[in-house]
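Below is one structure, written out as structure tokens; the observations come after it.
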Amino acid sequence: MVAITSPAFKENAARALADPGLQKALGTAKGAFLQRRAQAVANLPEFERLREIGRDIKNHTLANLDFYLDAYEAKVLAAGGMVHWCSTPDDARAVVLEICRKAGAKTVTKGKSMISEELGINAHLEANGIRPVETDLGEYILQLRQEHPSHIIAPAFHLNREDWEADFRRLHTDLPADRVFAERRDILAEARTKLREKFLQADVGITGANFLIAETGSSVIVTNEGNGDLTQTLPRVHIALASIEKVVPTLEDATSLLRLLARSATGQDFSVYTTFSTGARREADLDGPEEYHVVLIDGGRSNMLGTDFQEMLRCIRCAACMNHCPVYGAVGGHAYGWVYPGPMGSVLTPSLVGIDKTGLLPNASTFCGRCESVCPVKIPLPKLMRHWREREFERHLTPTAQRSNLNLWAWFARRPNAYRWATRAAIGALGLLGRGKGAFRSLPLAGGWTEGRDLPAPEPGGTFMARYARQQRGARR
Amino acid sequence: MTKEAILGAIRRGLKRGPLPAEQQAMLAGRLATHPRHLIPARSRLPRPDQVALFIRNVEKEFGTVERVPDLAGVPAALAEYLAAQNLPSRFVMAPHPEFEGIPWADRPLLEFERRRAEATDQVSLQHGWAAVAETGTLMLPSAPGRPTTLNLLAETEVVVLRASAIVGAYEEAWDRLRAENQDARSGGFMPRNIMFVTGPSRSADIEQTLELGAHGPRRLHVILVDDDLAALPMGDAVAPPPVALPGGPAAPGD
Ligand code: SF4
């Protein structure tokens with residue numbers, strides 16, 4: 001499994017803010033996804049109703065998940081495929097290795113898959129003498145750099161064009177050293193040539209799955225590059241990795257969710273390649289894999305059912321929430337310290353790896369609500385982050401200073417008269433202190449708050465309650 | 001057994017046991033009837049407009065389309081396209097029965113082999129099974145006569161598509177597949193693979209800037225065979241009166 005650095009979120013974030021390369025990359029990317037999504041949504045008047053439908057399809061499936069997984073498996077078997085049920089990441093890694101060994105695999109090509117990151121498939125294969133090759137362009141350069149994705153649909157979000165050129169020169173040493181990368185296109189062309197060789201060598205191809213379909217036993221992948229299709233078509237064996245919440249009942253259900261996915265993700269109406277795979281090569285077919293395996297992973301999902309966090313299992317991994325998140329936009333994905341960044345990561349990561357190590361993530365939010373407003377399956381991300389904050393508080397994992405201040409606040413909040421008296425006194429004091437200044441650069445006990453912003457000094461006129469009372473009296477007259 | 005362990009964990013989470021029989025029957029009924037959800041109004045158009053929408057959407061996604069009156073027009077259209085793109089006149093062709101009736105001898109310079117694609121092929125000619133006007137998407141189910149590698153390995157993919165195979169929304173294509181396709185292995189209707197292709201391959205992984213020509217074809221060209229009289233552009237033929245489709249755009253004053 002990928003190492004967790006979430007406990008160091010604050011240090012990670014500080015480092016990210018001071019990293020000029022990362023800040024440049026974030027600046028370049030800023031706005032691109034937002035504009036494209038807004039345009040795609042504007043072009044589909046039914047989009048809001050489709051979000052409700054998407055939410056309902058996922059809710060219906062989760063409520064009947066046992067039934068649909070069972071139905072799905074029966075259809076995969078009928079089409080000549082295999083389903084491997086795995087409770088834990090360990091189980092899944094062992095199954096994947098076993099399939100690769102049986103196939104005598106030396107080289108394994110891979111399509112982009114977040115569950116594969118979650119399981120740490122690459123490290124496990126390498127440790128056992130099998131060479132995994134990432135074929136998504138972004139994943140490919142990250143593998144060269146020995147880094148992890150910083151974004152769930154654009155893994156190399158944190159890199160600049162200079163980084164690509166430098167890494168290609170450093171690692172593709174069989175090519176002329178003085179070759180010119182005049183355009184981004186030249187970088188792309190070099191990667192295409194390099195990876196073509198790998199596609200043709202591979203013995204096994206591993207992909208993820210955006211959806212599994214109970215009606216037909218199909219797995220669905222969505223890409224723009226075509227790498228996922230080459231990965232699953234050319235080798236003798238195809239392995240699809242999927243967590244249990246990926247299943248949906250019918251082709252119609254998948255179709256409605258696909259109308260939301262590409263628009264929310266990249267702002268395309270439809271991705272270039274949306275591919276449905278059902279079983280192994282048929283007798284008269286001229287191509288396609290001879291073996292088709294689905295590795296079906298629980299990996300902590302069933303624990304989320306029946307809790308506040310069941311809603312998170314609706315996620316279709318479109319990345320709209322992180323694209324619209326001011327915190328993600330400032331610090332990038334690596335600061336979050338595990339596989340899933342941004343608002344969806346702040347909710348999902350504590351569920352999958354434990355709140356003890358990830359308690360800072362649900363705080364990495366300004367609670368501006370943009371993530372929820374763009375989520376295609378209407379996951380109430382701010383509410384779920386708040387749930388984690390409450391749980392974390394109950395478990396006494398919050399730093400002592402914060403807890404005692406909150407306890408103090410809670411004491412006053414339960415006693416309205418005392419609260420009004422105290423705020424009146426505090427506002428009066430702040431007003432006196434801040435008179436003529438307009439704002440505080442720092443305040444005792446509130447260093448963490450004023451470090452990054454100024455607190456406006458209260459205007460004369462008293463507390464909100466006092467002003468409200470005056471205004472009400474005025475209105476009645 | 002792990003399957004039972006996982007299903008048990010799911011049921012514990014959902015705070016119930018296995019679903020009662022009548023609930024299971026209801027869900028099986030939902031699978032069997034696969035109800036449609038909302039279908040966007042944009043594709044609910046008279047046939048000529050539906051075909052025009054398909055063409056517009058292919059072009060928006062950086063593909064190209066040329067219309068020919070019948071299958072006999074394919075060799076000339078293909079030869080001219082390849083020449084205009086400075087491409088060789090050799091190609092790999094889908095071994096589809098429908099392509100056997102094409103008068104290839106009209107263009108003797110065209111050389112082809114009927115087989116799956118290999119890494120050295122520069123141009124492929126694929127058979128289009130259906131297409132979806134809603135997003136300009138080709139639907140290419142795998143079959144002995146329609147190998148998947150033809151969609152992937154060549155730098156240029158040319159697809160021959162009958163206008164009568166263009167539908168408005170994906171749901172119509174699914175229903176046609178359910179009605180027409182039989183898969184001997186599974187007893188169902190799904191072939192091993194179905195690719196939905198919308199424009200040529202691309203990547204935005206370098207600085208989130210779109211570049212065409214990632215791992216799949218750099219060019220996608222559709223030769224559209226006008227076999228559907230009702231789908232011809234208005235004015236080219238005596239068009240039938242536009243049919244009011246359910247959910248279609250309301251007429252002014254409606
Ligand atoms: S939480 Fe919603 S917006 Fe974020 S990735 Fe998941 S589906 Fe997309």
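Accessible surface buried by the A/B pair amounts to about 7800 Å², both sides summed, 1.4 Å probe.
Rounded to whole Å and ordered largest first, report the semi-axes of the equivalent ellipsoid of region A:44-299 derived from its Cα gyration tensor (root of 5λ).
On the way: eigenvalues 190, 108, 53 Å².
Computed over region A:44-299, the values are 31, 23, 16 Å.
The GluC sites (Glu not before Pro) of region B:108-142 that DSSP puts in a loop, and whose beta carbon has at most 15 other beta carbons within 10 Å, are B:Glu118. Applying Stokes-Einstein at 20 °C and 1.002 mPa s to the Kirkwood radius of region A:283-348, computed over alpha-carbon pairs, gives a translational diffusion coefficient of 145 µm² s⁻¹. The Rg/Rh ratio of chain B, with Rg taken over Cα atoms and Rh as the Kirkwood radius over Cα pairs, comes to 1.06.
Suppose all protein chains stay in the model; what accessible area per residue would a 1.4 Å probe give for region B:41-236, in Å²? Don't skip to the answer; put the middle values down first.
Working: 6790 Å² over 196 residues.
Result: 35 Å² per residue.
Relative to the dominant Cα principal axis of chain B, helix B:21-33 is inclined by about 10°.
Quick one: putting +1 on the C-beta of Lys and Arg, -1 on the C-beta of Asp and Glu, what dipole do you get for region B:41-236 around its Cα centre, in Debye to the nearest 20? Don't skip to the answer; put the middle values down first.
Details: 20 positive and 28 negative charges, 69 e Å.
The dipole magnitude comes to about 340 debye.
Projected onto the charge dipole of the protein assembly as shown (+1 at Lys/Arg Cβ, -1 at Asp/Glu Cβ, origin at the Cα centre), which of A:Gln35, B:Ala77, A:Gly306 gives the Cα projection farthest towards the positive end? Farthest towards the positive pole: A:Gly306. In chain B, taking the dipole from charged Cβ atoms about the Cα centre, the farthest positive-side position among B:His34, B:Thr2, B:Pro103 is held by B:Thr2.
So what's the convex hull volume per residue for the Cα atoms of the protein assembly as shown, in Å³?
Values: hull volume 157.2 nm³, N = 731.
Normalising the Cα hull of the protein assembly as shown by residue number yields 215 Å³.
Taking every pair of alpha-carbon atoms in region A:131-207, give the share separated by more than 15 Å as a whole percent.
Numbers: 1660 of 2926 pairs.
That fraction is 57 percent.
Probing with 1.4 Å while keeping every protein chain in the model, the per residue accessible area of region A:44-299 equals 30 Å². What FRET efficiency do you get for A:Arg169 and B:Thr209 if R0 is 25 Å and r is their Cβ-Cβ distance, rounded to the nearest 0.05? Computed FRET efficiency for A:Arg169 and B:Thr209 comes out at 0.80.
Angle of helix B:170-180 to the longest C-alpha principal axis of chain B, folded into 0 to 90 degrees and rounded to 10: 90°.
Spin-label model, B:Leu109 to B:Asp228: label points 7 Å out along the Cα-to-beta-carbon direction sit 3.3 nm apart. Counting heavy atoms of the protein chains alone, A:Cys371 has an accessible area of about 10 Å² for a 1.4 Å probe.
Surface listing: A:Asp90, A:Asp285 arranged by accessible area from highest to lowest gives A:Asp90, A:Asp285, probe 1.4 Å.
Considering only protein heavy atoms, with the full assembly of protein chains and a 1.4 angstrom probe, order A:His84, A:His238 by accessible area, largest first. Walk me through the intermediate numbers first.
Details: A:His84 35, A:His238 0 Å².
The most accessible residue leads, giving A:His84, A:His238.
Atom-type composition of the exposed protein surface of the protein assembly as shown places 55 percent of the accessible area on carbon and sulfur (1.4 angstrom probe). When region A:44-299 is described by a simple charge dipole with +1 on each Lys and Arg Cβ and -1 on each Asp and Glu Cβ, the residue from A:Gly267, A:Thr233, A:Ser256 located farthest towards its positive end is A:Thr233. For region B:189-198, the Karplus equation 6.51 cos²θ - 1.76 cosθ + 1.60, evaluated at θ = phi - 60°, returns couplings of 10, 7, x, 4, 8, 10, 9, 9, 10, 10 Hz by residue, with Gly and Pro reported as x.
For region B:70-178, the convex hull spanned by the alpha carbon atoms encloses 105 Å³ per residue. Between region B:102-164 and region A:282-306, the C-alpha centres lie 29 angstrom from each other. Of the listed residues A:Glu392, B:Glu155, the order by accessible area with a 1.4 Å probe, largest first, is B:Glu155, A:Glu392.
Nearest 10 degrees, 0 to 90: what angle lies between the long axis of helix B:74-84 and the longest principal axis of chain B (Cα atoms)? Once rounded, the angle reads 80 degrees.
The values are calculated or read from the model by the stated rules, or taken from the named source; none is laboratory data. Nothing here was measured: the structure is a model prediction, and the numbers come from that model. Positions of Cβ are backbone-derived with ideal geometry, glycine not excepted, and every protein chain shown enters the neighbour counts. In case anyone asks, the SASA skips ligands and DNA or RNA and just uses the protein heavy atoms, side chains included. Shrake-Rupley method; radii C 1.70, N 1.55, O 1.52, S 1.80 Å.
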